[in-house]
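K.L.:
This is the structure I want to talk about, given as structure tokens.
The values are calculated or read from the model by the stated rules, or taken from the named source; none is laboratory data. Everything numeric here is computed off the predicted structure, so don't read it as measured data. Note that we place each Cβ from the backbone using ideal geometry, even for glycine, and neighbour counts take in every protein chain shown.
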Amino acid sequence: MIIFPAVDIKNGQCVRLKQGLEHEVTVFSNDPVQMAKHWEESGAKWLHLVDLDGAFSGRPKNFHLIEKICQTVNIPVQLGGGIRDLDIARAYMDAGVTRIIIGTMALEDRDLFGRLCELYPGKVGVSLDAENGKLKSKGWVEDTGLTIEQAIPELIALGSAFIIFTDITRDGMQTGVNIDSLQKVLKLSSVPVIVAGGIATLEDIKAVYPLRERGLEGVITGRAIYSGSLDFKEAVLWLEEQE
């Protein structure tokens, strides 16, 4: 199982939002490149990058910063936020991003999402961000009218290589993963699943670890590793001891 440290970028800074709210922002670093390098040096096997400005505006806002991160670290990078057409996706892949995460496009333009999956087989995943079982889009500010039960089978059929599932009510709250919702997603999915939202301590990682046998590829953690409630090095070491 992989622990993905999150580097969320807003206005050129490394931040975390609470429940995805644009105004509920905490700045953790003015140097996202150095922060990405820090997590690599701490044992990260992957990085999870999000262009928050892109997610809210629908256009990439931190492209050169993300490109610099890809050039600086020696571990694979997955990226989401504002990737809503093929040209943007291609530019990020050319810049060194290993795999891309699609949210709004996947839920609102199935044909385009399918074409993207064909263009980069195995390298395109979908971000499913749910609040009480209902999926949100455009930086979590709009209701899609879809449920996870409706979306997952179709998106996998179109070529999604993995799913990132976030319970919005848990994101940035450090209250533990919504295990019931995660189990529902794992049951519906035939591709690997990564969970985000709620990871606060090593105990939270231990709680979801058994689900790797049902398709859980990893966990994304942000606020917890920045605030110190989760010791990233300790968590990586614990996983290595299990595996």
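K.L.:
Could you count how many residues in segment 68-89 are touching a residue at least 12 places away in the same chain (Cβ under 8 Å) and more than 15 Å from the chain's Cα centre (by Cα)?
P.N.:
Selection size over segment 68-89: 13.
K.L.:
If you take the residues of segment 220-243 that are in a helix (DSSP H, G or I) and among the β-branched types (V, I, T), which of them is surrounded by the fewest Cβ atoms within 10 Å (Cβ to Cβ)?
P.N.:
Filtering segment 220-243 for residues that are in a helix (DSSP H, G or I) and among the β-branched types (V, I, T), the one surrounded by the fewest Cβ atoms within 10 Å (Cβ to Cβ) comes out as V236.
K.L.:
Condition test on E203, is it acidic (D, E), in a helix (DSSP H, G or I) and more than 24 Å from E149 (Cβ to Cβ)?
P.N.:
When the stated conditions are applied, E203 passes them.
Condition check ((1) under 20 Å from I3 (Cα atoms); (2) at pLDDT 95 or above; (3) touching a helix residue (DSSP H, G or I) at 6+ places or on another chain (Cβ under 7 Å)) across all residues:
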{"site": "V73", "(1), (2), (3)": "yes, yes, yes"}
{"site": "R84", "(1), (2), (3)": "no, no, yes"}
{"site": "E108", "(1), (2), (3)": "no, no, no"}
{"site": "Y120", "(1), (2), (3)": "no, yes, yes"}
{"site": "G133", "(1), (2), (3)": "no, no, yes"}
{"site": "K138", "(1), (2), (3)": "no, no, yes"}
{"site": "L158", "(1), (2), (3)": "no, yes, yes"}
{"site": "T175", "(1), (2), (3)": "yes, no, no"}
{"site": "S181", "(1), (2), (3)": "yes, no, no"}
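K.L.:
Would you please list the contacts, defined by Cβ atoms under 8 Å and residues six or more apart or on different chains, that run from a residue in segment 23-44 that is modelled with pLDDT of 75 or more to a residue that is aromatic (F, W, Y) and surrounded by 17 or more Cβ atoms within 10 Å (Cβ to Cβ)?
P.N.:
F28/Y226; M35/F28; W39/F232; S42/F232; G43/F232; A44/F4; A44/F232
K.L.:
Can you run down the residue pairs with Cβ atoms below 8 Å, 6 or more apart or on separate chains, where the first is in segment 183-210 and over 14 Å from T166 (Cβ atoms) and the partner is modelled with pLDDT of 95 or more and aromatic (F, W, Y)?
P.N.:
From residues that are over 14 Å from T166 (Cβ atoms), the pairs are V191/F162; P192/F162; L202/W238; I205/W238; K206/W238.
K.L.:
Considering every residue within segment 211-219, establish whether at least one is closer than 16 Å to D167 by Cα, outside any helix (DSSP H, G or I), without any contact (Cβ under 8 Å) to a residue 60 or more places away in the chain and within 15 Å of the chain's Cα centre (by Cα).
P.N.:
no
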